[in-house]
Amino acid sequence: MHEGGAQRTVPRLTTMTTSKRTIRLGLFLLADGHHVAAWRRPGRRSNPATDFNHYLEIARQAETGYFDFLFVADFLGVRTTDPTAISRTARTLSLDPFTLLSALAATTQHIGLIGTASTTYNEPFHVARKFASLDIISQGRSGWNLVTSQNDPEAWNFGHESHAAHASRYDRASEFADVVLGLWDSWQAGAMRDDAATGIFLDPEGMKVLGHRGTHFSVRGPLDVAPSPQGRPIVVQAGSSDTGIALAVRTADIVFTAQPSAGTAKAFYAKVKARAAEAGRDPGSVLVMPGVAPVIGQSRSHAQELKDELDALVHPAVGHHLLYNATGGLDLLAYSPDSPLPDILPETNGSKSRQQVLLEVARRDKLTIRQLYLMLAGARGHRYVIGTAQDVADELEHMHRDEQADGFNIMPLTLPEGLGDFVREVVPELQRRHLVRTAYKGRHLRESLGLGAPHRVSPAA
């Protein structure tokens, strides 16, 4: 079994006591799968990123495994200017998440649909309107992944020479969230009368004009979309820095995080729950869902062979690009891939939490630059779980019972094959342990996740 790149043996769990807490499952949807070399594997489909039927097959497969939601990330541009990296990765071209999720809303029945929209290069009225509309179309299954953009290639597409500073991005994000959440509260549930006999369609008394004037935005409102079937769309926050946690406990229902080891995962989980309580929220209303990349084999050695075969297909230029992107601009091209990380690294303006996690793991485990980028090649700083289906189920149960996670954003290295293995082999084992559902319950995503009514969001300081 591997955890954060370091091998360890996971003991079999013999307890069969039933926890009242069930494991929530998200599927992080990425065309070929999460390994950067998955597109080179034998027998794969040609350019599945442009094939809607490929995404539909995956979504329906996830529904057969009773996943809570699909999760789609986004990057507003081409991730690198390096011609070699561009030529050797299949991730240069992608679909707009909102368009993809809208199509999936009409072709799925139960699974939640969570998409990324950056607060750095969008306007809050647009984001509020789009996700409120998706919530109506999907009958209460939408969610917004609230993130700040991280890298200069995105800035270049919006009239900026360089990316805004970390603190400035989060200041804007905090106000952006206030506006979106305020707009989602534009209409009381009974405001839409639709009474043809009296000629009254809307009750103005049920309308709230936001009237927001702040540092970054001036938005009058109200929103021209009907109230959400689930109160408001689910909000996910994907930052793990102190600033990101502060934003999450104020605004979010789910925290998506990269925690490559048990120690960091447990500490992060405890911090989020404590900060939620300090903010006056029920800690159970903020779900912590780290990413997990399962590799399932007939034996532990077979599972490791499957990962090693993909790792062998990673070109060094692609590996360096992965490091550069994951650390927000850390350029190590001048160093040999087989050398250790240099002692002194330049400051970057990207994701502080992700960079810190990666560098701590690299120095703790004495990883070379190549070993570090291969750790990113499939899991991008999230946790690998490599072994049999029993091993994977054991590890997920352990992480859940050990209060490292409320659930997991599953990141199969290959799609649809990796998801198929998980649904066929791991989900039934978790069901046998009463840790995941055997049928969908609830009318919408919020109920599916076991969350109550939306919390009241206090304005940012």
>> residue 80 - would you say it is out of contact with any Phe, Trp or Tyr (no Cβ under 9 Å at 6 or more places or on another chain) and of a type outside the set (A, V, I, L, M, F, W, C)?
In response: no
>> Considering only region 374-394, I want to know if a residue exists there that is at pLDDT below 95, of a type in the set (Lys, Arg) and under 24 Å from residue 142 (Cα atoms).
In response: no
> Mind checking which residues of region 171-198 are touching a Gly at 6+ places or on another chain (Cβ under 8 Å), surrounded by fewer than 21 Cβ atoms within 10 Å (Cβ to Cβ) and either part of a helix (DSSP H, G or I) or polar (S, T, N, Q) (or both)?
Replying inline: 175, 188
>> Exactly one condition in (1) touching a residue at least 40 places away in the same chain (Cβ under 8 Å); (2) over 22 Å from residue 30 (Cα atoms); (3) among the β-branched types (Val, Ile, Thr) is false for residue 368; which is it?
In response: (1)
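For (1) at positive phi; (2) touching a residue at least 60 places away in the same chain (Cβ under 8 Å); (3) among the polar types (S, T, N, Q), each residue gets a yes or a no:
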| residue | (1), (2), (3) |
| --- | --- |
| 178 | no, yes, no |
| 194 | yes, no, no |
| 198 | no, no, yes |
| 201 | no, no, no |
| 215 | no, no, yes |
| 219 | no, yes, no |
| 249 | no, no, no |
| 256 | no, yes, no |
| 264 | no, yes, yes |
>> So, residue 304, is that one open to solvent by 10 Å² or more (accessible area, probe 1.4 Å), in contact with a strand residue (DSSP E or B) (Cβ under 8 Å, 6 or more places away or on another chain) and closer than 23 Å to residue 40 by Cα or not?
In response: yes
> Which one is most open to solvent (accessible area, probe 1.4 Å), of the residues in region 150-164 that are among the hydrophobic types (A, V, I, L, M, F, W, C) and either touching a His at 6+ places or on another chain (Cβ under 7 Å) or farther than 30 Å from residue 232 by Cα (or both)?
Replying inline: 156
> Residues in region 31-42 that are in contact (Cβ under 8 Å) with a residue 60 or more places away in the chain and surrounded by fewer than 16 Cβ atoms within 10 Å (Cβ to Cβ): how many?
Replying inline: 0
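Let me confirm something: among 174, 133, 138, which residue is touching a Lys or Arg at 6+ places or on another chain (Cβ under 9 Å), among the hydroxyl-bearing types (Ser, Thr, Tyr) and over 24 Å from residue 79 (Cα atoms)?
That would be 174, the only listed residue that is touching a Lys or Arg at 6+ places or on another chain (Cβ under 9 Å), among the hydroxyl-bearing types (Ser, Thr, Tyr) and over 24 Å from residue 79 (Cα atoms).
The values are calculated or read from the model by the stated rules, or taken from the named source; none is laboratory data. Because the structure is a prediction, the values reported are computed rather than measured. Please note: Cβ atoms are built from the backbone with ideal geometry, for glycine as well, and neighbour counts cover all protein chains shown. Heavy atoms of the whole protein, side chains included, go into the accessibility calculation; ligands, DNA and RNA do not. Shrake-Rupley method; radii C 1.70, N 1.55, O 1.52, S 1.80 Å.
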